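Readers should treat all values here as calculations from the given coordinates under stated rules, not as data from a laboratory. Just so it is clear, the model here is predicted, and its values are computed rather than measured. Quick reminder, even Gly has a Cβ in these numbers, built from the backbone with ideal geometry, and neighbours come from all protein chains shown.
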Amino acid sequence: MGVIISTDSACDLFPNLYKQYNIEVVPLYITVNGKTYRDVFEIGPDELYEEYERTKLLPKTSAPPPADFFEMFKKHVENGDDVVHIAMNAKFSSSYQNACIAALEFNNVYVVNTFTLSSSQGLLALRAADMRDAGMTAEEIKNQIEIDKTKMRTNVLLDKLEFAYRGGRATMLQMFGANLLKLRPCLLLNTNGVLTVRKKFRGNFPQVCREYIRFVLSQPNIDPERAFVSTTGMDKNLLNEIVQMVKDSGKFHEVLTSRAGCSMSVHTGKNTLVLFYKEK
């Protein structure tokens, strides 16, 4: 009997990390031009962008149905294991609610609404796996993740507002104004799972990326355990420079990188950059 850590594909962990940390993943669904695919397993962000450039139709995301979670939970419960499921922000998707519906059939499945997404959710999944490996019970892990999720910090730097506009998260006027003035907003995902504009940067994209990283690294009470530099796709040389800036800061024991999957890319577009971390 053991503890299984699971999550959904919105966590944006690379497949090698799922394997390394022994984490189960339930994929979201991505509908592109009338065809539906399983996120990560059947489609990636490059294919998503290619189809968007061809059709100018914004792909749609949908949560896994309760049946997908039920099958995964059932497999492990029948094997004698407890399950802790790390779910994406319930304000953005019904993935959490669907996992809860499936969990009602079992007495030893714990579902956490992280109020976050992407690699911030991924950091919580890795932390849960660390606690499992340290011998903590499923209930202990669930209770600690409920505490840790309030300390996650997510500041999202957008290059352009095109995808936000097409997805209904920005107006035509906001998009036009940002493009005209070369403004690049930094959005804060607060601990209640709500996105707000925290800061606006101005200038060319590489310059803004450097300024953004310096801004995030200047924040107080950074937990040094682990950080993620995540992008929805950007110039490799610039990304390497940004990652090196984070490493050279000495703020973190471990700096991981991730390419955000379809569920984030479809809402933000290319050249989105995030430094995910936890506060002490």
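Springs between alpha-carbon pairs under 10 angstrom, Gaussian network model over the chain: which of E78, E139, E254 fluctuates most?
Greatest mean-square fluctuation among the candidates belongs to E78.
For the chain, just say rounded, prolate or oblate: build the C-alpha gyration tensor, square-root its eigenvalues into a ≥ b ≥ c, call rounded for a/c under 1.5, and beyond that prolate if a/b exceeds b/c, oblate if not.
Judged from the Cα gyration tensor, the chain comes out oblate (a/c at least 1.5, b/c at or above a/b).
Once you list every other residue whose beta carbon is under 10 Å from the beta carbon of D130, what net charge do they have if Lys and Arg are +1 and Asp and Glu are -1?
+1
Taking every DSSP beta bridge that has both residues in the chain, what percent is antiparallel when rounded to the nearest 5?
55 percent
Taking the alpha-carbon centroid of each part, what is the distance from the range 224-280 to the range 1-45 in angstrom?
19 Å
Report relative contact order for the chain in percent, whole number only (criteria: Cα-Cα under 8 Å, sequence separation at least 6).
21 percent
Would the range 3-150 count as rounded, prolate or oblate if I go by the C-alpha gyration tensor, calling it rounded below 1.5 in a/c and otherwise prolate when a/b exceeds b/c, oblate otherwise?
prolate
May I ask you to sort C100, C11, C209 by Cβ crowding, counting other Cβ atoms within 10 Å and putting the fewest first?
So the residues, fewest neighbours to most, are C100, C209, C11.
Given the pairs K56/K149; K151/K251; K91/K280, which span a C-alpha to C-alpha distance of over 27 angstrom in this model? Kindly include the intermediate steps, with their values, before the conclusion.
Values: K56/K149 36 Å; K151/K251 16 Å; K91/K280 25 Å.
Too far apart for the 27 Å limit: K56/K149.
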